[in-house]
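Please read the structure below before turning to the comments.
The values are calculated or read from the model by the stated rules, or taken from the named source; none is laboratory data. None of these values were measured; they are calculated from a predicted model. Note that each Cβ is placed from the backbone with ideal geometry, even for glycine, and that neighbours are counted across all protein chains shown. Note: areas computed on protein heavy atoms with side chains; ligands, DNA, RNA excluded. Shrake-Rupley method; radii C 1.70, N 1.55, O 1.52, S 1.80 Å.
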Amino acid sequence: MGYRAWCRTAFRGQGPSCRDPRRSGRRPEARERSSPRARRKDRRAQGARIVARKVDVSDRASIDAAYAAVREELGPIAIVVANAGISQGIPFQDVTVETWQRMIDINLTGVFHTVQAALPDMVDARWGRIITISSQAAQSGAGDRAHYSAAKAGVIGLTRSLAREFAGQGITVNTIPPSVVATPMAEAGIAAGTFPPLEVISQHIPIPRPGTPGDIAAACEYLASDGASYVTGQVLAVNGGMFIG
């Protein structure tokens, strides 16, 4: 069986490592968004088959066009990692309707589009892996990020509902809610003064360091594997113990 994995990512977040290839022995073909050309070249040199497309995740037509290109070149999609997202620190009273809607469109509706458009392939095959990336903010709440927390909480609810709906068809659906991860998105928040320095926030994490994209990638790899075939509807927290619950 060939495994086609659509990693719908934003480079400023977890994206660069999300399709780190083959420690499990598989050779999933990976499609990635906004990854550096050098990284794609390296993956290809390792034997990965890659189709890269720039996608507006809030636009269903954009998703459909990318999937059409993937299916034409590589065949049906079996694994989806829905990871693209944005974050913004802003007091709730300053959140405009437009700001709220943009957050929902990308962080929640984008997951809806990405997953729903890929599901027919998985249903036909009676096998599939769907992994969404939510956030610890959806579990604990986050000051000045009410709109972000709400969107990510919606991702958790969507994940659990889909897990129940499709479990009998060989499709697992799980979510990973990271806490603090050292990425360009976090660095941008620090530079803008809307996020504390990583060395400061690390003092409040039981494992006293920020996470890495590789930490998230390892969890994705597990959830996409045959070894996770009896795991669905779960919130797999990769957070260094920052939130336990």
Considering the options Ser135, Ile104, Ala167, tell which one lies farthest towards the positive end of the dipole of segment 89-175, charges being +1 on Lys and Arg and -1 on Asp and Glu at the Cβ, about the Cα centre.
Ala167
Using R₀ = 35 Å, calculate the FRET efficiency as 1/(1 + (r/R₀)^6) where r is the Cβ-Cβ separation of Arg126 and Val97; round to 0.05.
0.25
Can you put Leu198, Leu236 in order of accessible area, largest first, using a 1.4 Å probe?
Leu236, Leu198
Arrange the peptides 133-140, 71-78 so that the one whose residues have, on average, the most other Cβ atoms within 10 Å appears first.
133-140, 71-78
The local net charge around Thr99, scoring Lys/Arg +1 and Asp/Glu -1 for residues other than Thr99 whose Cβ lies under 14 Å from its Cβ, equals -2
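Segment 131-231: which chymotrypsin sites (Phe, Trp or Tyr not before Pro) are DSSP loop and have at most 12 other beta-carbon atoms within 10 angstrom?
Tyr230
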If you place +1 on the Cβ of every Lys and Arg and -1 on the Cβ of every Asp and Glu, how big does the dipole about the Cα centre of segment 64-136 come out, in debye to the nearest 20?
240
Put Lys152, Lys41 in order of accessible area, largest first, 1.4 Å probe: what do you get?
Lys41, Lys152
Ranked from the most accessible area to the least, with a 1.4 Å probe and all protein chains present, what is the order of Met185, Met122?
Met185, Met122
Heavy-atom accessible area of Thr232 with all protein chains present, probe 1.4 Å, nearest 10 Å²?
40
